[in-house]
Amino acid sequence: MMAKGVVKICAIITMVLALGAAPVLMTEASAQTRLRPGFNLFSLRDDVEIGRQSAMQIERQYRTYEDPRVTRIGKRLAARSSMPGLPWRFRVIDRSDVNAFALPGGYVYVTSGLLRAVRSEDELAGVLAHEIMHVTLRHGTNQASKAMLAQAPLQILSNQLGSGLGATLARFGIGLGLNSLFLRYSREAETQADVGAVQLMRRAGYNPYGLANFMRTMRGGGGFFSDHPSPANRVERIEEEIRLTGGARRR
Ligand SMILES: [Zn+2]
């Protein structure tokens, strides 16, 4: 079992927030915000391989199981994402904290603690949509790409990636599993995942207020969230996107 506090996963939980405008987020007056994946040295095939190996590592360390509700909602959302062909896999990880995370390539996990905390299907869909957006915007390998670029010129990186994924990651000290760089996103990435989640929920027929409501509840709650106060503008940005995409019935 890992020491508490060591695991730093997705900001649904860590509540790292977007203060200020993110440059990649361009708001149009009458339409949804356009989202574009950032700089990336990896191929989509690399994403899947990194995710597969990380998943194996995590599932050796923790008990995980399939939950029909999580799988059903996750698959419905993934089918409406920009990458329906990824090997999407949704599992519950047996931990009491309220948390969720996604590995590159489509491996999505929610904790059993989170399953107990959500109050509706729309809230669970909100969490899963947020994680799916991290996958399709390729935030994990974008983060690793930025870290690698800080250590070596692009030319060298291109050659090294050609020589084998595992060796390259090792050379740059990038590990897999739950404490990996692949799960440490920027604030901007969290905002993108929130905004994209609203759009995805709408396409898949879920009420996007599910995401806003869950965020608000967790912000007011105890436990992990009280240690990571979320700037109020995270919920506000989600609600802004709901308005931009045509509004919805508040629940
Ligand atoms: Zn996140």
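Annotation note: Cβ proximity below 7 Å between a residue of segment 57-71 that is more than 14 Å from Thr111 (Cβ to Cβ) and a residue that is of a type in the set (Gly, Ala, Ser) (sequence gap 6+ or interchain) occurs for Gln57/Gly177. Of the numbered conditions (1) outside any helix (DSSP H, G or I); (2) in contact with a Gly (Cβ under 8 Å, 6 or more places away or on another chain), His134 fails exactly one; give the number of that condition. Of everything listed in (1) outside any helix (DSSP H, G or I); (2) in contact with a Gly (Cβ under 8 Å, 6 or more places away or on another chain), His134 misses just condition (1).
Considering segment 173-185, and only residues there that are without any contact (Cβ under 8 Å) to a residue 60 or more places away in the chain and surrounded by fewer than 18 Cβ atoms within 10 Å (Cβ to Cβ), the residue that is farthest from the ligand (Cβ to nearest atom) turns out to be Gly173.
If you check Val98, Val110 for being within 16 Å of the ligand (Cβ to nearest atom), under 25 Å from Leu176 (Cβ atoms) and part of a loop (DSSP other than H, G, I, E, B), only one passes: Val98.
Taken together, the criteria place Ser120 among residues that are polar (S, T, N, Q), surrounded by fewer than 22 Cβ atoms within 10 Å (Cβ to Cβ) and at pLDDT 80 or above. Restricted to segment 82-95, and to residues that are closer than 16 Å to Val48 by Cα and assigned to a loop (DSSP other than H, G, I, E, B), which residue is farthest from the ligand (Cβ to nearest atom)? Taking the candidates together, the pick is Gly85.
Of everything in segment 60-81 that is among the β-branched types (Val, Ile, Thr) and in a helix (DSSP H, G or I), the residue that is farthest from Leu178 (Cα to Cα) is Ile73. Of the listed requirements (1) away from the ligand (no atom under 16 Å from the Cβ); (2) modelled with pLDDT of 85 or more, Gly196 misses just one: (1).
Residues of segment 140-162 that are within 15 Å of the chain's Cα centre (by Cα) and free of Cβ contacts under 8 Å to residues at least 60 places away in the same chain: Gln143 alone.
Just checking, which of Ser43, Ser54 is crowded, with 17+ Cβ neighbours inside 10 Å, at pLDDT below 95 and of a type in the set (Gly, Ala, Ser)? Walk me through it before giving the result.
On the way: Ser43 fails: crowded, with 17+ Cβ neighbours inside 10 Å.
One residue alone meets the criteria, Ser54.
Among the residues of segment 186-222, the one identified as aromatic (Phe, Trp, Tyr) and surrounded by fewer than 24 Cβ atoms within 10 Å (Cβ to Cβ) is Tyr209. Checking each residue in segment 115-128 for being more than 11 Å from the ligand (Cβ to nearest atom) and in contact (Cβ under 8 Å) with a residue 40 or more places away in the chain picks out Leu115, Ala117, Val118, Arg119, Ser120, Glu121, Asp122, Glu123, Leu124, Ala125, Gly126, Leu128.
For segment 153-172, filtering for residues that are surrounded by 14 or more Cβ atoms within 10 Å (Cβ to Cβ) and outside any helix (DSSP H, G or I) leaves 1.
The values are calculated or read from the model by the stated rules, or taken from the named source; none is laboratory data. Since the structure is predicted, the reported quantities are computational estimates derived from the model, not experimental observations. Because the Cβ atoms are built from the backbone with ideal geometry, glycine has one as well, and the counts that use them run over all protein chains shown.
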